[in-house]
Protein chains: 2
Amino acid sequence: MQNPLKKRIGILGGGQLGRMLMMESTRYNVHFNVLDKDDSCPCKPMADVFLQGGLDDDKKIFELAAISDLLTFEIEHVNTDALLALEEKGVEIIPSPKILQIVQDKGLQKQFYKKNNIPSSDFFLVETANEWLDAINKLGTFKFVAKTRKDGYDGKGVAILQAEEILNDISKIPFSQPCMLEAFVECEKELSVIVARNRMGNTVSYPSVEMEFDPDANLVTYLTCPAKITAEQELKAEEIAMNVVKAFNGVGIFAVEMFLTKEGQILVNEVAPRTHNSGHHTIEACYSSQFEQLTRILLDLPLGSTRLIKPAVMINLLGADGFSGSYRLKGLEEISAIEGVYVHLYGKSESKPMRKMGHITILGETIAEAHKKAELVNSLICFVKD
Amino acid sequence: MQNPLKKRIGILGGGQLGRMLMMESTRYNVHFNVLDKDDSCPCKPMADVFLQGGLDDDKKIFELAAISDLLTFEIEHVNTDALLALEEKGVEIIPSPKILQIVQDKGLQKQFYKKNNIPSSDFFLVETANEWLDAINKLGTFKFVAKTRKDGYDGKGVAILQAEEILNDISKIPFSQPCMLEAFVECEKELSVIVARNRMGNTVSYPSVEMEFDPDANLVTYLTCPAKITAEQELKAEEIAMNVVKAFNGVGIFAVEMFLTKEGQILVNEVAPRTHNSGHHTIEACYSSQFEQLTRILLDLPLGSTRLIKPAVMINLLGADGFSGSYRLKGLEEISAIEGVYVHLYGKSESKPMRKMGHITILGETIAEAHKKAELVNSLICFVKD
């Protein structure tokens, strides 16, 4: 076996997920090469070799592969064809771009769940206005969700719509590209389970995370771990999440986002074949973080323990409305005085409205205590112009 | 107040202590500039600006100061005069080089304790053979310890000697430079307390660490936290450690090494005005690690909680005897499967006998459990030629 301490890992994407992967892996002496179009991206200062180039650029991806022993990606919006060609040639890519290919298309993703008996909401693939109307009628629900099959991200390319409104006026169809329409799920909670699976097929899951979304931004605001669900629901959520990853024959880290319906059913919403916002708390709250876990998988080390050390709440730090540019984190002093509060900034030089600038993990002895601290933290901080 | 997220910190020394400071501070967006003579030092890959130069080189130190908002050091063997000159000119240096000046000279250090009523063993400063003989007679103990006043490090410049042997044959005096001779303390345990003190004078201590030394190497082998001492002894050890740092009017992180004598007395042995090997476990075992704590002090953020989350044992990873060069960590796979085992490698490209290559922190639910795991870990690992 190759000396794991000498593997050179190439990362497609230079954002915060890559940065935290490197932060959490420095202690393994891992060498990271990074490709990103932005010369001031969060990964740049920590990369062994930084290649500047788009993630759609075949040539640059091949260049990254040439100087790396294996590749991974920290974002789905990459040139999958280039990765498939490399995989064909024997380059190890974790997770496989074949999974990326399915996941990048929300239509293929839903079809995959259906084929593999993964519980998920009813859906139809549409493009023309007639297909929209037909699908809305077949769904038969008052509200439904429309998602563009490709290129959706952080709330972009997603709309919650009233069936009646579109049926009455097709000019209100919000997307012209191919879409996936699905029944709107009246959900009790939104859950996420991070799953780690290695080359041997060993699979572990992290305790479920409960998400509360900010209705204005469709970006997560409070993420609580463990989720406040029954032990039976917890078991079920982790089981479904692991089944999804096994169905993909996935190797790597996967975030499985699920709905717990008002009827107590668990339905898979989406899968991200990478480390995920809903797993950031694992850095402080679990024995092995999602990032260190990915490194273990990449280096072919045994999977680490996913056990929770302390209950945690995570909040995202988003760029404030009303200004772009150089910033200061107001409230940093105040919140730093609270025990178990971990501020993570992503090294972005400019704040922009709604931009993910960082996150804060808050540990508590109980979920309630962590939540109380998180609310206090949230009330104290914001980005201001510097 | 300057935006803490924009401070540029200059570090004298590019070793593992600087590396872990950077690792633990990446999440604060801190910019680090590093000076070290070795172009392949552990800090190099993570530094914003790396200056190659000796730590005795005035010019390079001034160059580092010119591109940094404040300075710190990760090793005592630096050009104190250059730092004193900079401090005189108003450059902020944490801790103050005035403390370094005292600590660098084990004679001055002992005099400082005496003057400030810090409990420490009896001592004499000597240089000539006559002074040696006089001091040995005055100490009146069977065994004594001789330390060169300057340049001692990791067991170098320290000797435990028999009074009788030197009195009978002065050619057995091991050092020709100025020395500090002190009574040999029959100690029950060796303890270390890490103290953090900020500009406001706020002072906190970490729980005591108990050290077991390898008699062959005089390098720490097992470090256990909390130390297995009484609550009263713990209180006393932390109090003495904080008093030492207050006496220095120290700002920064300090490691106070102490003896718990067979009679239950606590005596200060030595102080290091920097993060320390005996505080590495704080990365995983405490709410704020010694490294993050130093960053808080440097950035003028409130002190973090020093509370222990889980009992921990730390072992150093030393280069194996018998070879130098490229290495592999045998046993890495096996120990990675154990929950709560954190392998830290310092990014050194070559192993050398006794070189500090890394450390491993082991968390347990109890001290006993952590110890048992640590012994298993220790039996499984060693560096081998790659």
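Read-outs: derived from the displayed coordinates by stated rules, not from any lab. Here the structure is a predicted model, which is why all the values come from computation and not from measurement. Counting neighbours? That spans all protein chains shown, and the Cβs are built from the backbone with ideal geometry, glycine included.
Worth a mention:
- Amide H to amide H distances under 5 Å link A:ASN269 with A:GLU257, A:MET258, A:PHE259, where only residues 5 or more positions off or on other chains count and H is placed in the peptide plane.
- Spacing of the two label points (7 Å from each Cα toward its C-beta) at A:ASP48 and B:SER40, in nm: 1.3 nm
- Calculated mean residue ellipticity at 222 nm for chain A: -8000 deg cm²/dmol, from DSSP H runs with n ≥ 4 weighted as -39500 (n - 2.57), summed, divided by the residue count and rounded to 500.
- Given +1 at the Cβ of Lys and Arg, -1 at the Cβ of Asp and Glu and no other charges, the dipole of region A:237-386 around its Cα centre is 360 debye to the nearest 20.
- What separates the Cα centres of region A:339-376 and region B:295-371 is a distance of 27 Å.
- Remark: relative contact order (chain B) = 13 percent; criterion is Cα-Cα distance under 8 angstrom and separation of 6 or more residues.
- Table column - 3J(HN,Hα) (Hz), region B:224-233, Karplus curve with 6.51, -1.76, 1.60, x for Gly and Pro: 10, 9, x, 5, 8, 10, 6, 4, 5, 5
- Summing Cβ point charges (Lys, Arg +1; Asp, Glu -1) relative to the Cα centre of region B:87-237 gives a dipole of roughly 620 debye.
- For the protein assembly as shown, with +1 on Lys and Arg beta carbons and -1 on Asp and Glu, the positive-most of B:PHE123, B:ILE67, B:GLY201 along the dipole: B:ILE67
- With both labels modelled 7 Å from their Cα along Cα-to-Cβ, the B:LEU108 to B:LYS138 distance reads 2.1 nm.
- Placing +1 on the Cβ of every Lys and Arg and -1 on the Cβ of every Asp and Glu, with nothing else charged, gives the protein assembly as shown a dipole about its Cα centre of roughly 440 debye.
- For chain B, built as a Gaussian network whose Cα springs stay under 10 Å, the top-fluctuating residue of B:GLN52, B:GLN111, B:GLN162: B:GLN162
- Dipole-positive endmost among A:ALA82, A:GLN101, A:ASN168 within region A:81-183 (Cβ charges, Cα centre): A:GLN101
- Alpha-carbon Debye profile of the protein assembly as shown, log10 I(q)/I(0) at 0.06, 0.09 Å⁻¹: -0.41, -0.86
- Label-to-label distance, nm, for residues given as A:ALA129 and B:THR128 (7 Å Cα→Cβ offset): 11.0 nm
- Choice from B:GLU365, B:GLU87, B:GLU212 showing the highest fluctuation, given a GNM over chain B with Cα pairs closer than 10 Å: B:GLU365
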